[in-house]
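Student: The following block contains the structure, expressed as structure tokens.
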Amino acid sequence: METDISRVWLTYLVMAVHRTGLAPISKQRLHRLVYLSNCLAPIFEATPASAQIVKYKRGPFYPVVQWELDRLTAMGVLNVANIAYIQDKDGWWQYADYSVGAKARDVIDYCNGIEYGRCLDRYLTEVTTAFASLRSEVLDGVALQDENFARRGATMDTFIDFSTEEQNLSVQTARDFKAVMPGGFAPSRKEELFLYLRFLEAVSKEAA
């Protein structure tokens, strides 16, 4: 995940979280939303900030994203609160909640001056809106049911690569919905996104 791109991605994403009423967002949920936004980026012809991840025992987690979150917090772009350290069956874990900081709007206004920023803003707003539309009780679980993360044979510590269309099972599944639409109806990109996350919601409820 290239540094400058990941910071911009995270700033837009947390702003979208704010706009959709999900802020403050927990560290765990934010990492999972980052992951889903990477998986589904090709639907909107966006380039994922990272198209690889190691299957971690606590679910999708990017060490480099955590470093960038800490950096953005120090810069005043994001706010962090409710920091706590706990130890459970999986070892030590830091809890934290993130929200937009005083300088977030300046960053977004600057990045919206270029086409890349405007396109990224539109995509991350769409994926976060779709995510926020799910039932609250499944928001932390849908990423665990994602087709890439839950792919057959992927055990803990497996390296998961979804950088190509053939490897990205999430996008393949999202696009397959058009095959079951009545009367040859072709869903839009936005509808594919919503349908896929609704699919993960249903799978999460069954797995609970």
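Throughout, read-outs are computed from the coordinates displayed, never taken from laboratory work. For clarity, every value in this text was computed on a predicted model and none was experimentally measured. Backbone-built Cβ (ideal geometry, glycine too); neighbour counts: all protein chains shown.
Student: Among Phe44, Tyr56, Gln167, which residue has its Cα positioned farthest towards the positive end of the charge dipole of the chain, with +1 placed on the Cβ of Lys and Arg, -1 on the Cβ of Asp and Glu, and the dipole taken about the Cα centre?
Tutor: Tyr56
Student: Still on this structure: Which residues' amide hydrogens lie under 5 Å from the amide hydrogen of Asn79, considering only partners 5 or more residues apart or on another chain, with H built in the peptide plane?
Tutor: Residues meeting the criterion, in which the H sits 1.01 Å from N, are Ser99, Val100, Gly101.
Student: Continuing with this model, one more query. Could you work out the relative contact order of the chain, using alpha carbon pairs under 8 angstrom and six or more residues apart, expressed as a whole percent?
Tutor: Relative contact order, the chain: 27 percent.
Student: Considering only Cα-Cα distances, which of the following residue pairs are longer than 24 Å: Lys27/Lys205; Lys57/Lys205; Lys57/Lys178; Lys57/Lys103; Lys27/Lys178?
Tutor: Check vs 24 Å cut-off fails for Lys57/Lys178; Lys57/Lys103; Lys27/Lys178.
Student: Then there's this: In the stretch 103-208, which chymotrypsin sites (Phe, Trp or Tyr not before Pro) are in a loop and have at most 12 other Cβ atoms within 10 Å, using DSSP for the loop call?
Tutor: Phe185
Student: Right, here's the next one. Dividing the convex hull volume of the Cα atoms of the chain by its residue count, what figure in Å³ per residue is obtained?
Tutor: Convex hull volume per residue, Cα atoms: 128 Å³.
Student: Also, I was wondering about something else. Quickly estimate the mean residue ellipticity at 222 nm for the chain, helices only: each DSSP H run with n ≥ 4 gives -39500 (n - 2.57), and the total goes over all residues, rounded to 500.
Tutor: Rounded to the nearest 500, it is -15000 deg cm²/dmol.
Student: In the stretch 156-208, what GluC sites (Glu not before Pro) fall in a loop by DSSP, with at most 12 other Cβ atoms inside 10 Å?
Tutor: Here the sparse-neighbourhood loop sites are Glu165, Glu166.
Student: Calculated FRET efficiency, Asp161 and Lys57, Cβ-Cβ r, R0 22 Å, to nearest 0.05?
Tutor: Given R0 = 22 Å and the Cβ-Cβ separation, E is 0.70.
Student: Amide H to amide H, which residues 5 or more places from Val54 or on other chains are under 5 Å from it, using H placed in the peptide plane?
Tutor: Hits under the 5 Å cutoff: Ile160.
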